[in-house]
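Following: one structure in structure tokens, then a few remarks.
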Amino acid sequence: MLIPFGILSAAGIGSDYELIETQIVVGASTTSISFDVSSFASTYKHLQIRMTARNSGGSGIGDTMFRLNSDTGSNYSRHQLGGYDNGIFSGAASSQTSIAIGRMPFANQAANAFAASVIDILDPFSTTKNTTVRSLQGVSATNAGIELRSGAWYNTASVTTISLTVATDTLVAGSRFSLYGIK
């Protein structure tokens, strides 16, 4: 089988992807999900998070924020390219306190609509280069669309924790986050 684009391989084709942990929001909503990856440096080359999520409040769609090692300093940059019902957009920002890695629908969107994202964390355990991330994400809601995002964490420390946080309100029950290791 031939897979012509690297992004298509993000679907997990092959045996090099191993499910490490899944967290599902149940009952009361939460504002963040965290993964402790401190013991994986000798096991995996890259990490991947597969996320389906929905936000509890507001209207429209909102961002999922991504941080490494609980770093809240202005040590991140981000880039995005996407298309939604209301048009095409692109953007970039540097000196950020997190990476806006994906969007999710708010409560006023179509019932039971969740965003789906695949987030690749490339070389998170290297201590000689900055950690980069990329995501491919789609939203099926009133504001349906697709986005490609990327970002960097300007620090050469080995990644020990990964945090995903909603920019506003909370994640709703049924939001799911699965961490995979890539050998």
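The values are calculated or read from the model by the stated rules, or taken from the named source; none is laboratory data. Nothing here was measured: the structure is a model prediction, and the numbers come from that model. Neighbour counts are summed over all protein chains in view; Cβ atoms, including those assigned to glycine, are modelled from backbone coordinates with ideal geometry.
Of these, 173, 110, 144, which one is farther than 30 Å from residue 45 by Cα and without any contact (Cβ under 8 Å) to a residue 40 or more places away in the chain?
Matching residue, one of 173, 110, 144: 110.
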Give the number of residues within the range 76-110 that are polar (S, T, N, Q) and within 19 Å of residue 35 (Cβ to Cβ). 1
I need every pair where a residue in the range 115-139 that is in contact (Cβ under 8 Å) with a residue 12 or more places away in the chain and in a loop (DSSP other than H, G, I, E, B) has its Cβ under 6 Å from the Cβ of a residue that is surrounded by fewer than 20 Cβ atoms within 10 Å (Cβ to Cβ) and not aliphatic (A, V, I, L, M), sequence separation at least 6 or different chains. 125/158; 127/156; 127/158; 130/154
Tell me, yes or no, whether the range 142-153 has at least one residue that is touching a strand residue (DSSP E or B) at 6+ places or on another chain (Cβ under 6 Å), of a type in the set (D, E, K, R), assigned to a strand (DSSP E or B) and farther than 20 Å from residue 32 by Cβ. yes
Checking the condition within 18 Å of residue 81 (Cβ to Cβ) and at pLDDT below 85, which residue from 152, 107, 144, 113 passes? 144
Check off (1) among the hydroxyl-bearing types (Ser, Thr, Tyr); (2) in a loop (DSSP other than H, G, I, E, B); (3) without any contact (Cβ under 8 Å) to a residue 60 or more places away in the chain for residue 38 and give me the number that stays unchecked. (3)
I'd like to know if the range 98-106 contains one or more residues that are touching a Gly at 6+ places or on another chain (Cβ under 7 Å) and among the basic types (Lys, Arg). yes
Restricting attention to the range 38-72, and to residues there that are of a type in the set (Ser, Thr, Tyr) and within 22 Å of residue 180 (Cα to Cα), which single residue is farthest from the chain's Cα centre (by Cα)? 42
Is it fair to say residue 68 is buried (at least 21 other Cβ atoms within 10 Å of the Cβ) and either of a type in the set (Ser, Thr, Tyr) or in contact with a strand residue (DSSP E or B) (Cβ under 8 Å, 6 or more places away or on another chain) (or both)? yes
Those residues that are free of Cβ contacts under 8 Å to residues at least 24 places away in the same chain and of a type in the set (Val, Ile, Thr), I need them from the range 50-93; list them, please. 88
